[in-house]
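Structure record follows, encoded as structure tokens.
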Amino acid sequence: MNRLTLFAVIAVLTAWNGTTIGQDEDAKTFRAVCSTTQVADFTRQIGGDRWQVDCVLAPGQDPHTYEVKPGDSRLVAEADVCIQNGWHLEGHDWMLNLAKDANKPLVTCVNGVKPLDFDEDGMIVEDPHAWLSPINAAIYVKNITAGLKKVDPDHADEYDARADYYVSQLRSLHSWIQKEVNKIPRAKRVLISHHDAFQYFATTYGFESAAPAGWSTGDEIGAGITPQRRAEVVESIRSYKVKAIFVETTINPQVVRQIAKDAGVYVAGALYADSMGPAGSVAETYFGMMRENVIKIVSGLK
Ligand SMILES: [Zn+2]
């Protein structure tokens with residue numbers, strides 16, 4: 001076979017199959033675009049090697065205040081399915097709008113979760129931070145699995161098997177958290193953090209949770225706080241009689257550290273709430289993130 005003939009054969013084969021010679025016909029063929037790092041991790045675990053999973057938010061970015069970029073629309077244009085947290089975690093519904101504009105199917109992970117109330121700028125809405133209880137994370141996994149199966153029904157058994165395994169791991173995580181939390185005396189189970197992200201965690205594991213004076217991720221704490229508001233926050237922290245409070249990895253801790261000092265408490269570390277940790281860190285997966293949070297909470301409060 002001369003070179004020209006060989007090229008012609010390759011060209012015909014490529015056109016016939018849509019793939020190049022030697023490529024595994026079972027190779028990854030589907031794409032999911034997720035809003036948050038947690039949702040992307042769940043999707044990777046269920047999709048396995050059949051899916052390329054991209055995430056709009058980078059680790060450490062705040063979903064409440066995120067503003068979409070032109071690159072996000074290009075990413076979504078390539079997606080077979082979009083996956084979001086829902087309940088307005090994605091501020092101003094940016095993921096819903098990205099999917100709608102590109103006419104892509106959208107999976108909303110909180111569907112089926114029993115909501116807790118959340119005060120958003122004086123309006124009572126569903127608290128979107130449901131993944132911080134592993135029991136709710138299992139509902140996220142169920143919704144994502146259904147979404148992937150819809151796109152690729154031929155491999156439904158695989159997705160179900162991965163989901164079953166993952167949910168069994170979530171159950172183990174839940175038992176472990178219960179055991180760890182029992183090391184903190186009941187009266188000391190008060191979880192004070194930056195913004196009200198830990199309600200589901202707190203409800204599941206018997207904590208009182210508070211984000212004093214309704215701290216939000218957006219404006220107030222970052223961009224300057226009035227002396228009066230600051231005094232209210234300090235008083236509010238004192239009233240809980242805790243020895244430690246927590247910051248969050250997505251929010252600048254500087255002001256909170258000063259406030260903690262004034263309130264006579266210490267900052268027992270940064271918790272992962274709205275985002276997992278960067279690639280290569282111990283919190284780059286959901287399990288790593290939850291384990292780190294629990295270890296910091298238990299050692300800070302017991
Ligand atoms: Zn949040």
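The values are calculated or read from the model by the stated rules, or taken from the named source; none is laboratory data. Keep in mind the model is a prediction, meaning the values are calculated, not measured. Here Cβ is always computed from backbone atoms with ideal geometry, including for glycine, and neighbour counts include all displayed protein chains.
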**Request:** Would you please list the contacts, defined by Cβ atoms under 7 Å and residues six or more apart or on different chains, that run from a residue in segment 286-301 that is over 21 Å from Ala138 (Cβ atoms) to a residue that is in a helix (DSSP H, G or I) and among the basic types (Lys, Arg)?
**Result:** Leu301/Lys188
**Asked** Across segment 95-117, what is the total count of residues that are crowded, with 19+ Cβ neighbours inside 10 Å and within 16 Å of the ligand (Cβ to nearest atom)?
**Response** 4
**Asked** Do we have Ile177 as more than 14 Å from the ligand (Cβ to nearest atom) and surrounded by 15 or more Cβ atoms within 10 Å (Cβ to Cβ) here?
**Response** yes
**Prompt:** Could we say that Ala270 is within 16 Å of the ligand (Cβ to nearest atom), touching a strand residue (DSSP E or B) at 6+ places or on another chain (Cβ under 6 Å), outside any loop (DSSP other than H, G, I, E, B) and among the small types (Gly, Ala, Ser) here?
**Reply:** yes
**Asked** Hey, does segment 276-299 have a residue that's in a helix (DSSP H, G or I) and over 22 Å from the mean Cα position of the chain (by Cα)?
**Response** yes
**Message:** Checking Tyr200 against (1) within 15 Å of the ligand (Cβ to nearest atom); (2) closer than 19 Å to Val267 by Cα, only one condition comes out false. Which one?
**Reply:** (2)
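So that you can scan it fast, the table gives a plain yes or no per residue for (1) in contact (Cβ under 8 Å) with a residue 40 or more places away in the chain; (2) over 17 Å from the mean Cα position of the chain (by Cα); (3) not assigned by TED's automatic domain parsing to the domain that holds Val294:
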{"residue": "Trp87", "(1), (2), (3)": "yes, no, yes"}
{"residue": "Val107", "(1), (2), (3)": "yes, no, yes"}
{"residue": "Pro115", "(1), (2), (3)": "no, no, yes"}
{"residue": "His129", "(1), (2), (3)": "yes, no, yes"}
{"residue": "Ala146", "(1), (2), (3)": "no, yes, yes"}
{"residue": "Glu158", "(1), (2), (3)": "yes, yes, yes"}
{"residue": "Ala161", "(1), (2), (3)": "no, yes, yes"}
**Request:** Evaluate the following for Ala138: is it in a helix (DSSP H, G or I) and more than 15 Å from Tyr286 (Cβ to Cβ)?
**Result:** no
**For Phe201: the one exception among (1) farther than 23 Å from Ile177 by Cα; (2) crowded, with 22+ Cβ neighbours inside 10 Å; (3) at pLDDT 95 or above** = (1)
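Could you tell me whether segment 173-181 includes any residue that is in a helix (DSSP H, G or I) and among the hydroxyl-bearing types (Ser, Thr, Tyr)?
Among the residues of segment 173-181, at least one is in a helix (DSSP H, G or I) and among the hydroxyl-bearing types (Ser, Thr, Tyr), which makes the answer yes.
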**Asked** In this structure, is Ala146 away from the ligand (no atom under 16 Å from the Cβ), at pLDDT 95 or above and surrounded by fewer than 17 Cβ atoms within 10 Å (Cβ to Cβ)?
**Response** yes
**Message:** Tally up the residues in segment 160-178 that are closer than 10 Å to Ala138 by Cα and either among the basic types (Lys, Arg) or in contact with a helix residue (DSSP H, G or I) (Cβ under 6 Å, 6 or more places away or on another chain) (or both), please.
**Reply:** 5
